[in-house]
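As structure tokens, the structure follows; a few thoughts come after it.
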Amino acid sequence: MTEPAEPAALLVCRLGLDPVRGRVRRHTQVGIAVRAALFAELALSGRLIGGRFPHPVGESAIGQPLPDAVHAAVVARRPTPWKRWFNHVDPDREAATAALVTAGRWRVENGRIVDTAAGATVVEQQRIAQLLASRQPAEDLSLTIVAVLAAGYGVGDRRAAPRAAGRLVKSWLRPQLAASGADPAAEEAVLASTRAALVAMRKARPVPFL
């Protein structure tokens, strides 16, 4: 699989769509995944560090609306453990939805989300599912992050599996981050935020999880 042509937060949101029903499956878990992807983007771009809690670096407004908004929220809030950053995630999912509509990838009709390239989305969902079944991470770090988060909420027809996705943080994400040459403080933030997100997905589920 090649590098995603869009930010990880938007891709992880799109992959959560049921194109037939016109709605995001497991919308709370997808919202958690969107926020985690934004945290990862901020960390890998040098704008966020921290293992126990997120610590912002630099300015908030640099012309990237979704990550800028999360960065500003971290700036405005006193040091808060990672797990508490995944309690109210609807605004991030709604912002990602609005961005996809603005980009022309989605449109909203009578309360339903219409994917303008639904066939391509299904193919992408299947590719992520095949990647997870292969037990081999993607070559691209950003896509590995997307795959881990999508495994947590259940991409396509796969069951939500946040516990199994947590194991991928150790076997896939940690070594790939180390090999990428990322700043250790940023690496720590990506790992901590992704783990916290998957724990939040487990707690959000009303039915037994894997």
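Starting from the amide H of ASP18, placed 1.01 Å from N in the peptide plane, find each other amide H under 5 Å away whose residue is 5 or more places distant or on another chain.
Under 5 Å from the amide H of ASP18 lie the amide H atoms of ARG23, VAL24, ARG25, each far enough along the sequence or on another chain.
Where does the charge balance sit around VAL89 when Lys and Arg score +1, Asp and Glu -1, over other residues with C-beta under 13 Å from its C-beta? Please list the in-between numbers first.
Details: positive: ARG26, ARG35, LYS83, ARG84, ARG93, LYS203; negative: ASP90, ASP92, GLU94.
Charge balance near VAL89 sits at +3.
Return the sequence-ordered ³J(HN,Hα) values of region 105-110 in whole Hz as given by the Karplus equation 6.51 cos²θ - 1.76 cosθ + 1.60 applied to θ = phi - 60°, using x for Gly and Pro.
7, 10, 9, 10, 10, 6
For the chain, modelled as a GNM with alpha-carbon contacts under 10 angstrom, which of ALA189, ALA69, ALA96 fluctuates the most?
Maximum among the listed residues: ALA69.
Give, as ranges by residue number, the residues of region 62-77 whose backbone N falls under 16 Å from the point 7 Å along Cα→Cβ of SER45.
62-75
Taking 0.36 nm per residue of sequence separation and subtracting the Cα-Cα distance, how much length would be gained by fully extending the chain between GLU94 and ARG107, in nm to one decimal? Mind showing how you got there, number by number?
On the way: separation 13, 0.36 × 13 = 4.68 nm, distance 1.29 nm.
Full extension from GLU94 to ARG107 adds 3.4 nm.
Of the candidates GLY152, GLY16, GLY119, which one comes out as most mobile in a Gaussian network treatment of the chain with C-alpha springs shorter than 10 Å?
GLY119
Based on Cβ point charges of +1 for Lys and Arg and -1 for Asp and Glu, what charge dipole magnitude is obtained for the chain about its Cα centre, in debye rounded to the nearest 20?
Numbers: 28 positive and 18 negative charges, 230 e Å.
Charge dipole, the chain, about its Cα centre: 1100 debye, nearest 20.
Using a 10 angstrom cutoff on alpha carbons, build the Gaussian network for the chain and name the most mobile of ARG93, ARG135, ARG35.
ARG135
Could you go through region 127-143 in sequence order and give the Karplus-derived ³J(HN,Hα) for each residue, using 6.51 cos²θ - 1.76 cosθ + 1.60 with θ = phi - 60°, rounded to whole Hz, and x for Gly and Pro?
Those phi angles translate into 5, 5, 4, 5, 4, 5, 5, 6, 6, 10, x, 5, 5, 8, 4, 4, 6 Hz.
Under the rule of at least 5 residues apart or a separate chain, name every residue whose amide H is placed under 5 Å from the amide H of GLY154.
The answer is ALA161.
If I take every Cα pair under 8 Å that is 6 or more residues apart in the chain, average their sequence separation and divide by the length, what percent do I get for the relative contact order? Mind dumping the intermediate values first?
Details: 322 pairs, mean separation 63.4, N = 210.
Result for the chain is 30 percent.
Please state the charge dipole magnitude for region 141-210, taken about the Cα centre, from unit charges on C-beta atoms (+1 on K and R, -1 on D and E), reported in debye and rounded to the nearest 20. Don't skip to the answer; put the middle values down first.
Values: 10 positive and 4 negative charges, 95 e Å.
Charge dipole, region 141-210, about its Cα centre: 460 debye, nearest 20.
Any read-out appearing in this document is the output of simple, stated calculations on the displayed coordinates, not a laboratory observation. Nothing here was measured: the structure is a model prediction, and the numbers come from that model. So basically every Cβ, Gly included, is an ideal-geometry build from the backbone, and we count neighbours across all protein chains shown.
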